[in-house]
1. Do any chymotrypsin sites (Phe, Trp or Tyr not before Pro) in the range 213-303 lie in a loop, going by DSSP, with at most 14 other beta-carbon atoms within 10 Å of their beta carbon, and if so which?
2. First measure r as the distance between the Cβ atoms of residue 171 and residue 300, then evaluate 1/(1 + (r/R0)^6) with R0 = 51 Å and state the FRET efficiency to the nearest 0.05.
3. Counting only the backbone N, which residues of the range 280-303 are under 18 Å from the spot 7 Å out from the Cα of residue 187 toward its beta-carbon?
4. With r as the distance between the Cβ atoms of residue 274 and residue 124 and R0 = 22 Å, compute the FRET efficiency 1/(1 + (r/R0)^6) and round to 0.05.
5. With a probe of 1.4 Å, find how much accessible area the range 176-287 has per residue, and write the answer as a whole number in Å².
6. Computed FRET efficiency, Cβ-Cβ of residue 255 and residue 206, R0 45 Å: what is it to the nearest 0.05?
7. Can you give the local net charge around residue 257? Use residues other than it whose beta-carbon is closer than 15 angstrom to its beta-carbon, Lys and Arg +1, Asp and Glu -1.
8. Given axes a ≥ b ≥ c from the Cα gyration tensor, I'd like to know whether the range 194-302 is rounded (a/c under 1.5), prolate (a/b larger than b/c) or oblate.
Amino acid sequence: MAVHTKYRLITYSQEIVDGQPIFVSSNCLPAKALKYEPAGHSFHSAALKLMGVKEEKDNKDDSNNNNKKVVGDKEEAYLPSDSYSSKSKKKSGDGDKQQDHYALLGLSHLRFLATEDQIRKSYRETALRFHPDKQAALILAEETEVAKEAKKVEIDTHFKAIQEAYAVLTDPTKRRIYDSTDEFDDEIPTDCAPQDFFKVFGPAFMRNGRWSVNQPIPSLGDDKTSIKEVDNFYDFWYSFKSWREFPQADEHDIEQADNREDKRWMERQNAKLSEKARKEEYTRIRTLVDNAYKRDPRILRRK
């Protein structure tokens, strides 16, 4: 009697027919079976140990983050729990780890460039892969009830995080706020050598162009770009309109308002903070444009 899967796990000796002691064999040295024959989950666990896929419990050290389990005929690595946070950060600088919605849906390489269709498609694939029903084998693979319960909580939390990521990224308002607080380099060039102008300022304009309401943004061009295109470029940036949101760490939580008057007061205070942040953002963009205009070799030649 043999068990056939992707691997030849266990083969019983012919002696079982004669009522003799049972021996278990694999690609390692023979080992005499215990008094009770493994069955069900115990059989699966014993087979994994014999294959070397699952290490003994007393030999584990910090392997939880990189542990692999065999499910059916496929080896699937479960995402470590520290790749996400169960609490999404609504405000920047609140001290909580912000859940990476794009990473959860496998869109880290696209981030704010991901289209709605790409988000929906990635969500369907990710949700199917990490649905709790699909992860049940990982719970059964745990040896103790405490470990099983912990794994169940981890799987449920991960799946809820995936659902939250999808809800945020498919809501235009929530996604705009999230993208506004996503990692971004606000630094702008202040000076450069004349020969490095396009190499230094070109990427800076492209980077900040993500915030433009009007798309596509014009290119800085090169030294051979016509002066008319250059003027159009600076006209665009001097009248730049940004969609970037600025949630502040010291904003008031409107949901905590005791009454209507408190809510209105909080809304006014939040509006003041947002307006101040927007002015600072426009000043930053204006500084970028001014710095480039003063050093643009095409403008200098015309002057």
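The values are calculated or read from the model by the stated rules, or taken from the named source; none is laboratory data. The structure displayed is predicted, hence computed values, not measured ones. Using ideal geometry, Cβ is built from the backbone for each residue, glycine included, and neighbour counts are taken over all protein chains shown. Accessible surface areas use protein heavy atoms only, side chains included; no ligands, DNA or RNA. Shrake-Rupley method; radii C 1.70, N 1.55, O 1.52, S 1.80 Å.
1. 243
2. After rounding to 0.05, the efficiency reads 0.65.
3. The answer is 284-285, 287-289, 291-292, whose backbone nitrogens lie closer than 18 Å to the label point.
4. Details: r = 35 Å, r/R0 = 1.60.
Between residue 124 and residue 274 the formula returns 0.05.
5. On the way: 7200 Å² over 112 residues.
So the range 176-287 comes to 64 Å² accessible per residue, rounded to a whole number.
6. Numbers: r = 38 Å, r/R0 = 0.85.
With a Förster radius of 45 Å, E is 0.70.
7. Working: positive: 260, 263, 264, 268; negative: 251, 253, 255, 258, 261, 262, 267.
Result for the neighbourhood of residue 257: -3.
8. On the way: a/c = 3.71, a/b = 3.39, b/c = 1.10.
Here the range 194-302 falls in the prolate category.
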